[in-house]
Amino acid sequence: MSIIGIIGGSGLDNPDILQNPRDERVATPYGELPSPVRMGTIGGHSICLVARHGREHTVPPSQVNSRAAIDTLRQLGCTAILSTTAVGSLREEIGRGDLVVLDQFIDFTRRRPLSFHDSFAPHEPVHTPMAEPFDAGLRALLNDSCEELGIRHHKSGTVVTIEGPRFSTRAESNMFRQWGADVINMSIAPECILANEAGIPYASVAMSTDYDCWKTDEAPVTWDDILTIFRQNAQKVTDLLIRTVGKLS
């Protein structure tokens, strides 16, 4: 059976989805994760669950150690990575609680390490292709599972990843809409880049929790608003992950 990595975002990293859970610490050249990896199984598949912000959500977006997360999953032998993330919607048609199976990203981060290659020596230069950053096969499985579970979802979408931890200004939110972004968050682009560099197929399902601040007929997003939508819809993401993992060989 495959070994599957799951990276859980804010409110979407429930370790109770695993059978026979245990914790494991993994040392990497990039430091150690804030919380142990939760190891266990889902339907006979070995799972390595990483809490992106730590289990107590103590790590701000700009301080998430994506290199350590991806290298940890690589060391553990993961052959695929599924990630979850909360996003703000930049489109009227993507409502609160909707899921989006991402297919493109725009990286608007500024402070984060985006490569395992701090130097090319003693190797040849490494420039990783990124035209289709999210794995098509994993995306198809996520979409199929959404259909089977009757979950309202969007089969594709472009996420713009901002630095955070602040939310966007209205001018920025409107600019991202003009760029063609469908949703916005603070985590996915660096993680996806590094997974591709590591050669591990990666896909991400996003939960829309708000309308950022472009929608002037609604109050701008707050953290409390996001948490409310989390609590109402987290089970959908859990069910989706369990169903999708069961399809992997």
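The values are calculated or read from the model by the stated rules, or taken from the named source; none is laboratory data. Quantities reported herein were computed from a predicted structural model and do not represent experimental measurements. Note that we place each Cβ from the backbone using ideal geometry, even for glycine, and neighbour counts take in every protein chain shown.
Some values worked out for this structure:
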{"item": "Some residue of the range 132-148 being modelled with pLDDT of 95 or more, under 17 Å from residue 241 (Cβ atoms) and touching an Asp or Glu at 6+ places or on another chain (Cβ under 8 Å)", "result": "yes"}
{"item": "Test: residue 113 is under 20 Å from residue 70 (Cβ atoms) and out of contact with any Ser or Thr (no Cβ under 9 Å at 6 or more places or on another chain)", "result": "no"}
{"item": "Long-range neighbours under 8 Å by Cβ, at least six apart or interchain, first residue more than 18 Å from residue 202 (Cβ to Cβ) within the range 175-191, second assigned to a strand (DSSP E or B) and of a type in the set (Phe, Trp, Tyr)", "result": "176/108"}
{"item": "In the range 124-148, the residues that are assigned to a loop (DSSP other than H, G, I, E, B) and either touching a residue at least 60 places away in the same chain (Cβ under 8 Å) or exposed (fewer than 11 other Cβ atoms within 10 Å of the Cβ) (or both)", "result": "124, 125, 126, 127, 128, 129, 130, 131, 133, 134, 135"}
{"item": "Failed condition for residue 94, given (1) surrounded by fewer than 21 Cβ atoms within 10 Å (Cβ to Cβ); (2) not in a strand (DSSP E or B)", "result": "(1)"}
{"item": "Any chance residue 113 is touching a Leu at 6+ places or on another chain (Cβ under 9 Å), surrounded by fewer than 18 Cβ atoms within 10 Å (Cβ to Cβ) and either basic (Lys, Arg) or in a loop (DSSP other than H, G, I, E, B) (or both)", "result": "yes"}
{"item": "Criterion violated by residue 89 - all others in (1) under 16 Å from the mean Cα position of the chain (by Cα); (2) crowded, with 22+ Cβ neighbours inside 10 Å; (3) over 18 Å from residue 221 (Cβ atoms); (4) polar (S, T, N, Q) satisfied", "result": "(3)"}
{"item": "Which listed residue is within 20 Å of residue 221 (Cα to Cα), small (Gly, Ala, Ser) and touching a strand residue (DSSP E or B) at 6+ places or on another chain (Cβ under 6 Å), from 187, 168, 204, 173", "result": "187"}
{"item": "Those residues of the range 25-59 which are over 19 Å from the mean Cα position of the chain (by Cα), in a strand (DSSP E or B) and without any contact (Cβ under 8 Å) to a residue 60 or more places away in the chain, in sequence order", "result": "40, 41, 46"}
{"item": "Any hit, the range 160-174, residues being out of contact with any Lys or Arg (no Cβ under 8 Å at 6 or more places or on another chain), at pLDDT 95 or above, of a type in the set (Val, Ile, Thr) and surrounded by fewer than 18 Cβ atoms within 10 Å (Cβ to Cβ)", "result": "yes"}
{"item": "Unmet criterion (only one of (1) closer than 20 Å to residue 194 by Cβ; (2) in contact with an Asp or Glu (Cβ under 6 Å, 6 or more places away or on another chain)) for residue 76", "result": "(2)"}
{"item": "So residue 215, is it charged (D, E, K, R), closer than 24 Å to residue 179 by Cα and in contact with a helix residue (DSSP H, G or I) (Cβ under 9 Å, 6 or more places away or on another chain)", "result": "yes"}
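Residues are listed down the side, and each one gets a yes or a no for (1) modelled with pLDDT of 95 or more; (2) surrounded by fewer than 18 Cβ atoms within 10 Å (Cβ to Cβ):
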position: 29; (1), (2): yes, yes
position: 32; (1), (2): no, yes
position: 56; (1), (2): no, yes
position: 66; (1), (2): yes, no
position: 74; (1), (2): yes, no
